[in-house]
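Reading through the structure tokens given below for one structure.
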Amino acid sequence: MTSSNKIPASEITDPADYFNRRTFMRTGVVAATAVATGLVYRRLNPVSTGTVDTPLIEGLTTPATAAVDNNFSVTDPPTSLDHITHYNNFYEFSTDKEGVAAASATFDTQGWKVSVEGLVRKPKVFDLDDLLKISPPEERIYRMRCVEGWSMIIPWVGYSLSKLLNAVEPLSDAKFVAFETLLDPQRMPGQRRRVLKWPYVEGLRMDEAMHPLTLLASGLYGRTLPAQNGAPIRLVTPWKYGFKGIKSIVTIKLVARQPRTTWNESAPNEYGFYANVNPRVDHPRWSQATEQRIGEPGRRPTLMFNGYAEQVAGLYAGMDLRANF
Ligand SMILES: Nc1nc2c(c(=O)[nH]1)N[C@H]1C(S)=C(S)[C@@H](COP(=O)(O)O)O[C@H]1N2
Ligand SMILES: [Mo]
């Protein structure tokens, strides 16, 4: 995860104005902010909103971004849609964060299937529609902290992964869940380069996978997931570094042993299996004590378990978080 730490020159969009796409326009304020914070300001052409013009999600009862003060949504203002969709890590398309949107613009997810298999009583290959029918879509406004030191507030749409896992009836010897992204170098041109071992794989311990915060996300800002954010279905574990949130999932397998994970395999001393956000455990090449909230100047302190300690610290009781980073 070599990072240029370059912040995109993007406008700030009031989330309330999101559905009026004519409000997407550039302001001098952002340029001034970027200069003031010493960041490189790159003048871009007006942002194409084509890639975020995905269908509205039906049956979403909570209005998009109306944060309710509960355990499942934070009340920090959501990061602009433009930042969320034009500053991405998705190496299957590009290693340039600002280039992922364009590189994934024609990604076709028609006929997508997800196989839920392994140590379950009722394995099943789901069509996307059937998968989405398992539970009504909910809005969850989560903090997202990338291991590289930047963060966002993202209004996801989805449901708890536990609903899907319960539907296939896990067997008692299932101790971990292994996830796999699509492998298709034709449709994911970044896979023609060996920057990572493809397909991207991730994993959770069973209790982490069953935790209500763990989200199977099918949308953001009230709309179907844009390709660059992991269409049509991706994982979100808000107390862990962003790389655990595997995108464009095709296989979910319940297994007995801890599965291999892409970034851990790529650099085991830098990226652990657990990857819990922890301001006290630094990355070997940088501090994790603070973060840059995209769209805001300066840095802010990083919170233990990304601010979700009350909900998840119990999962790691008695574990050495330095050894199990
Ligand atoms: N398949 C796949 N999933 C992935 C990645 C990737 O390169 N490939 N990048 C990860 C990283 S490092 C981060 S920070 C998040 C970024 O999600 P976002 O672009 O939706 O913000 O996706 C994660 N999931
Ligand atoms: Mo990341």
### Query
Does L165 satisfy the condition of being more than 10 Å from ligand 1 (Cβ to nearest atom), within 18 Å of G272 (Cα to Cα) and surrounded by 20 or more Cβ atoms within 10 Å (Cβ to Cβ)?
no
### Query
Using beta carbons and a limit of 8 Å, which pairs, at least six apart or on different chains, have the first residue in segment 72-92 and without any contact (Cβ under 8 Å) to a residue 60 or more places away in the chain and the second one of a type outside the set (A, V, I, L, M) and within 16 Å of ligand 2 (Cβ to nearest atom)?
none
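Residue-by-condition table, conditions (1) touching a Gly at 6+ places or on another chain (Cβ under 7 Å); (2) closer than 25 Å to N324 by Cα:
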position	(1), (2)
P185	no, no
K197	no, yes
D207	no, yes
G222	no, no
N264	yes, yes
V277	no, yes
### Task
Collect the residues in segment 108-133 that are buried (at least 18 other Cβ atoms within 10 Å of the Cβ) and either among the basic types (K, R) or closer than 18 Å to G203 by Cβ (or both), keeping them in residue-number order.
V114, V116, G118, L119, V120
### Task
Can you tell me which residue among P259, P297, P279 is more than 18 Å from the chain's Cα centre (by Cα) and closer than 20 Å to H86 by Cα?
P297
### Task
Could you look through segment 240-278, keep only residues that are basic (K, R) and farther than 26 Å from L225 by Cα, and pick out the one that is nearest to ligand 2 (Cβ to nearest atom)?
R260
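May I ask you to verify whether F126 is modelled with pLDDT of 95 or more, within 16 Å of ligand 2 (Cβ to nearest atom) and not in a loop (DSSP other than H, G, I, E, B)?
Considered against the rule, which asks whether it is modelled with pLDDT of 95 or more, within 16 Å of ligand 2 (Cβ to nearest atom) and not in a loop (DSSP other than H, G, I, E, B), F126 comes out as no.
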### Query
Among R285, R293, which is in contact (Cβ under 8 Å) with a residue 12 or more places away in the chain, within 15 Å of ligand 2 (Cβ to nearest atom) and surrounded by 17 or more Cβ atoms within 10 Å (Cβ to Cβ)?
R293
### Task
Spot the failing condition for V281; the list is (1) among the aliphatic types (A, V, I, L, M); (2) within 14 Å of ligand 1 (Cβ to nearest atom); (3) assigned to a loop (DSSP other than H, G, I, E, B), and only one is missed.
(2)
### Message
Among the residues of segment 51-70, are any in contact with a Pro (Cβ under 9 Å, 6 or more places away or on another chain), at pLDDT 95 or above and in a helix (DSSP H, G or I)?
### Response
no
### Task
Report yes if R299 is over 26 Å from T79 (Cα atoms) and surrounded by fewer than 17 Cβ atoms within 10 Å (Cβ to Cβ), otherwise no.
no
### Query
Which of the residues that make up segment 117-137 are small (G, A, S) and free of Cβ contacts under 8 Å to residues at least 60 places away in the same chain?
S135
### Query
What are the pairs, 6+ residues apart or on separate chains, where a residue within segment 94-114 that is more than 13 Å from G190 (Cβ to Cβ) has its Cβ under 7 Å from a residue that is part of a loop (DSSP other than H, G, I, E, B)?
E98/P8; E98/Y87; A101/N88; D108/R187; T109/A231; T109/P232; W112/P232; V114/I233
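If you take the residues of segment 239-265 that are part of a loop (DSSP other than H, G, I, E, B) and more than 12 Å from ligand 1 (Cβ to nearest atom), which of them is surrounded by the most Cβ atoms within 10 Å (Cβ to Cβ)?
If we take residues in segment 239-265 being part of a loop (DSSP other than H, G, I, E, B) and more than 12 Å from ligand 1 (Cβ to nearest atom), then W239 is surrounded by the most Cβ atoms within 10 Å (Cβ to Cβ).
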### Message
If L131 meets every condition in (1) assigned to a helix (DSSP H, G or I); (2) of a type outside the set (G, A, S); (3) out of contact with any Ser or Thr (no Cβ under 9 Å at 6 or more places or on another chain) apart from one, which number is that one?
### Response
(3)
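The values are calculated or read from the model by the stated rules, or taken from the named source; none is laboratory data. Predicted, not measured: the structure shown is a model, and the values here were computed from it. Don't worry about glycine lacking a Cβ; one is built from the backbone with ideal geometry, like all the others, and counts go over all protein chains shown.
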